[in-house]
Amino acid sequence: MKLDDFNNIDIKNAGNLPVPVKAVLLAVIFILLTGLGYYFLLSPALETLDQEKAKEQQLRDVFLAKKSQAINLEAYRAQMVEIEKTFGALLRQLPDKSQIDGLLTDINQAGLSRGLEFELFKPGSEVQAEFYAEMPIAIKVLGTYHDLGAFASDISRLSRIVTISNVSVQPQANKDAKDTKPTNADAILTMEAVAKTYRYLDADEIAEKQKALKAEKAKSGKKG
């Protein structure tokens, strides 16, 4: 078989070509058809197969996650019950609107029982959060270091949640002697602080907040 045999190929007379030339031509045609078949038929099928394998892995992962959740379902339920109990206990420490006056009286009485003298006891404006309201109370009391500490301890032991912040303790101002300083535990001190108490919002207040929030969102949507 020579190179001239390929240069002088007559397709119309292909049946009379030498056997080696026929073999080469058939091999070339076979390779060409195989390449075209792979490109147009097999390659898209392989891509689809890879995509389906990826989907299968995703479904398998979802199944395993759901299976794990199902196995731990009872533990999750028990945990939710415990969380609800804890939340309920904390919620009971928040007074409702009708009990807030009584709580303010308890705070005031805690100071008086320790012999403190109130110069200021002023409830401020409520600040509402999602399900509770915070009421700051500005206080200024006179008493000894021991009595002031006992008062703070009494506040922490109230059945309702009360916090004390922004505490400032200074010697009582002496009008007769500018440089007078306390020298013993019985010296009178002035404590200024902000006591914060909390109450939970009732159903009507929560509904009103949600209504106002929806109205605000609707208004923002129209502007956008």
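Of the numbered criteria (1) in contact with a Lys or Arg (Cβ under 7 Å, 6 or more places away or on another chain); (2) at pLDDT 90 or above, the one Leu112 fails is (1). May I ask you to list the residues in region 94-145 that are part of a strand (DSSP E or B), touching a Phe, Trp or Tyr at 6+ places or on another chain (Cβ under 8 Å), closer than 27 Å to Val169 by Cα and not hydrophobic (A, V, I, L, M, F, W, C)? The answer is Glu134, Lys140, Gly143.
Being under 15 Å from Ala195 (Cα atoms), aromatic (Phe, Trp, Tyr) and crowded, with 18+ Cβ neighbours inside 10 Å is a description that applies to Phe151. The single condition from (1) under 30 Å from Tyr198 (Cβ atoms); (2) modelled with pLDDT of 70 or more; (3) not small (Gly, Ala, Ser) that Thr34 fails is (1).
The values are calculated or read from the model by the stated rules, or taken from the named source; none is laboratory data. Keep in mind the model is a prediction, meaning the values are calculated, not measured. With ideal geometry, Cβ positions are generated from the backbone for all residues, glycine too; neighbour counts draw on all protein chains shown.
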